[in-house]
Amino acid sequence: MDTVHFLNLEYIITRVYTLFSGIGGEISGIPRNVIITAGDISIIGMVLAVLLLIGVVYLQIRLVQVEHDGFLYLEEEKKRRQAHAEHTGVDSRWDVVVALASSSSESDWRRAILEADVMLAELLTARGYPGEGVGEQLKEANPLQFQTIDLAWEAHKMRNTLAHLGEAFPLTERDAHATIDLYRRVFEEFNLI
C-alpha cells in the first residue's frame, strides 16, 4: 500500500462538505463558490496566523526591552538616592522605612517600626544621650533640647509593644502610619531626614 506524503486539502474540504450537506462524495457535486470560499478562508487564516505570530514576537521583544530599561532605571534611581543621601546627610534607611510602611503587609509595617526605632537609637547615641537602650536615653533627654521627646516616647512604646507581644498584638495600618509619622517628626527636628 502506498503511503501519502502530502496533505490533500481538496479531499478534506470535500469530506466536510459531504458530511454536512449529504451530497455525494465527488468534487463535481460541490458548488464552485464553496470551494473558492474555503480556499479564501484558508489563505486568510494563514495570513492572520503569520501576523499574530509576528505580533507575539514583537511584544516579547518589547517586553524584554522594557524590563531591561526598568532595571536600568531602578539602578540609576538607587545610585541617585545614595548620592543624594551622602550629599545632604539624609539617611537612605528612612526611604526603606517609608517603603515598608507603605506596603500592604502587616509584617512590613512591623519591620518599618523596628527599623525606625533603630534609627532613633543611633540618633540618641550620636547626640550623646547616655543609657543602654532607647528608653534610658529618652529618660536622660532634656525636653528643652529635645522638643519632640513625647513623640519619641510614644513611638518607642509602640515599638516595645510590638517587640514584646509580637504577633499577638494586632497592628492596624492606621497605627503603623501614625507611629511612622511620630518617628518622622522626631527625625525632622534633628535634620536626620
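For region 117-132, the Karplus equation 6.51 cos²θ - 1.76 cosθ + 1.60, evaluated at θ = phi - 60°, returns couplings of 5, 4, 4, 5, 4, 5, 5, 5, 5, 5, 7, x, 7, x, x, 8 Hz by residue, with Gly and Pro reported as x.
Charge dipole of region 93-189 (Cα centre as origin; +1 on each Lys and Arg Cβ, -1 on each Asp and Glu Cβ, all else neutral): 60 debye, rounded to the nearest 20. Think of it as helices only: each DSSP H run of n ≥ 4 in the chain is worth -39500 (n - 2.57), and spread over all residues that comes to -25000 deg cm²/dmol at 222 nm. Between the residues V97, Y11, L138, the greatest Cα displacement towards the positive end of the dipole of the chain, with unit charges on the Cβ of Lys, Arg, Asp and Glu, is found for Y11. Using C-alpha pairs under 8 Å with a sequence gap of at least 6, the mean separation divided by the residue count of region 93-189 gives a relative contact order of 32 percent. Over all other residues within a Cβ to Cβ distance under 12 Å of D175, the charged ones net out to 0, with Lys and Arg as +1 and Asp and Glu as -1.
Note: relative contact order over the chain, using C-alpha pairs below 8 Å and six or more positions apart, is 17 percent.
For R174 and L63, the difference between the fully extended length at 0.36 nm per residue and the C-alpha to C-alpha distance is 36.2 nm.
Computed from the coordinates I sent, Cα extents along the principal axes in Å equals one of [x] 106, 41, 34; [y] 47, 40, 30; [z] 55, 40, 31. Tell me the label. Given [x] 106, 41, 34; [y] 47, 40, 30; [z] 55, 40, 31, the structure-derived one carries the label [x].
Values quoted throughout were computed directly from the atomic coordinates according to the rules given, and no laboratory measurement underlies them. Computed from a predicted structure; not experimentally measured. Using ideal geometry, Cβ is built from the backbone for each residue, glycine included, and neighbour counts are taken over all protein chains shown.
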